[in-house]
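Everything on this sheet refers to the single structure shown next.
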Amino acid sequence: MDANSASPPDPPGPQDLISPGILKETLNREGFRLTVQRQKILALFEANANRHHLSAEEIHQYLGKQGEKISVSTVYRALHVMVKLGLLQELELAEGRKYYELKSPIWEQHHHLVCVQCGDVQEFEDDAITEVTAQETRNRGFSLLDGQFTVYGICPRCQGRMEG
């Protein structure tokens, strides 16, 4: 595909996969089964529609509090499958710590501010960053698959602790 041709349509995003039937079809098409654990993990992300980033450990804790008997290794395996299928996106926002979020369409890019002291992650959207990403992609002949901008700094709360 050359730089001037139209991009292929985006694959269905998580917003299109709420139905267990469609999720089952997607998993089966790729050679996976729809397990209760996968359903519950995806439901957890859908319940946090504000794009809250979750680590595997946090997912394990949430499900445990709901009475689910699931191991951390099962959570990791399910997350790996969902990333592979394009349902979730894996992010390494803090050193050595991976987070997951629902994969959003490329035209809904969002970016991250990460506090290097406490690990707080805040999302923001900026059309200028999104446009620069698209323009640079076109200028260099790339086909844009994903783009995000991560800024590392110290949040106001941690700045207050340092001053006080």
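The values are calculated or read from the model by the stated rules, or taken from the named source; none is laboratory data. Since this is a predicted model, take the numbers as computed values, not measurements. These accessible areas exclude ligands, DNA and RNA; they are computed on the full protein's heavy atoms, side chains included. Shrake-Rupley method; radii C 1.70, N 1.55, O 1.52, S 1.80 Å.
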Give me, ordered by chain and number, the residues 5 or more places off Phe149 or on other chains with an amide H under 5 Å from its own placed amide H.
His112
The ³J(HN,Hα) series, computed from each phi in region 57-74 with the Karplus coefficients 6.51, -1.76 and 1.60 at θ = phi - 60°, rounded to the nearest Hz and given as x for glycine or proline, is 5, 5, 4, 4, 5, 4, 5, x, 5, 8, x, 7, 9, 9, 7, 4, 5, 5
Collect residues whose amide H, placed 1.01 Å from N in the peptide plane, falls under 5 Å from the amide H of Ser55; neighbours closer than 5 in sequence don't count.
Tyr100
With all protein chains present, how much of the accessible area of region 94-161 (probe radius 1.4 Å) comes from carbon and sulfur, to the nearest whole percent?
51 percent
In whole Hz and in residue order, list the ³J(HN,Hα) couplings for region 89-97 that follow from phi through the Karplus curve 6.51 cos²θ - 1.76 cosθ + 1.60, θ = phi - 60°; x for Gly and Pro.
10, 8, 10, 10, 8, 10, 3, x, 10
Send over a whole-number figure in Å² for the accessible area per residue of region 81-162, probe 1.4 Å.
61 Å²
In Å², nearest 10: area of Val121 left accessible to a 1.4 Å probe
30 Å²
